[in-house]
Amino acid sequence: MKVEVTVAGRTAHLTVDAGRFRYAPEGSDPLERAFSIVPIMPGSYSVLIGDRSYEAIVAAGEVRVNGKSFAVEVFDPRSLRGQKRNGIGAGPHNIAAMMPGKVIRLLVTTGDLVEEGQGLVVVEAMKMQNEMKSPKAGRVVEVKTQPGATVVAGDVLLVIE
């Protein structure tokens, strides 16, 4: 999985593959390490990187690591094509699963008009239900999933235009 992340206002490229990650902040040398992650409870994880252990608590737009909070945004670079850097531009926008899980509920159907911030789909991941919201006002042009479907990170669930 390759994504672009912004942590505390600083952009980086993150690649995660088979227990290894590569974190490459803009303007700095990349960091590559082996890691493991184990859920402690919904939204809380034990992360081992090398010989160091971290407790990570994930909430909407924020991650707390060992008690220190970081504002975090994750972008799939493929979904950013044709969009303005400071916002969602015209054209279709893929709503993709951020992590493996199960689709619990669809809140819209093909053809529905949606407002920015409106709930679109509920995905359960790590025993926590996450409502994915529309990044812009528009129309649902395609629904690519259904309730009960299992999804992996990066699977496109809906398309908004």
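General observations
- Verdict on A34 being surrounded by fewer than 12 Cβ atoms within 10 Å (Cβ to Cβ) and assigned to a strand (DSSP E or B): yes
- Exclusive hit being surrounded by 14 or more Cβ atoms within 10 Å (Cβ to Cβ), modelled with pLDDT under 90 and under 23 Å from V3 (Cβ atoms), set P100, P77: P100
- With respect to being modelled with pLDDT of 85 or more and surrounded by fewer than 15 Cβ atoms within 10 Å (Cβ to Cβ), K84 falls outside the description.
- Against the numbered list (1) surrounded by 13 or more Cβ atoms within 10 Å (Cβ to Cβ); (2) free of Cβ contacts under 8 Å to residues at least 12 places away in the same chain; (3) closer than 22 Å to Q129 by Cβ, E62 comes up short only at (1).
- The residue pairs whose first member lies in segment 26-47 and is assigned by TED's automatic domain parsing to the domain that holds V7 and under 22 Å from E62 (Cβ atoms), whose second member is surrounded by 13 or more Cβ atoms within 10 Å (Cβ to Cβ) and among the aromatic types (F, W, Y), and whose beta carbons are closer than 7 Å, counting only pairs six or more residues apart or on different chains, are L31/Y23; F35/F21; I37/Y45; V38/Y45; P39/Y45; V47/F35; V47/Y54.
- Matching residues, segment 7-23, being modelled with pLDDT under 85 and either closer than 19 Å to G61 by Cα or touching a strand residue (DSSP E or B) at 6+ places or on another chain (Cβ under 8 Å) (or both): V7, A8, G9
- Within segment 9-31, the set of residues being under 20 Å from A125 (Cβ atoms), aliphatic (A, V, I, L, M) and not in a loop (DSSP other than H, G, I, E, B) comprises L14, V16.
- Residues located in segment 121-141, provided they are without any contact (Cβ under 8 Å) to a residue 40 or more places away in the chain and part of a strand (DSSP E or B): V121, V122, V123, E124, A125, Q129, N130, E131, M132, K133, R139, V140
The values are calculated or read from the model by the stated rules, or taken from the named source; none is laboratory data. None of the values given here were measured: they were computed from a predicted structure. All Cβ positions, glycine included, derive from the backbone under ideal geometry; neighbour counts span all protein chains shown.
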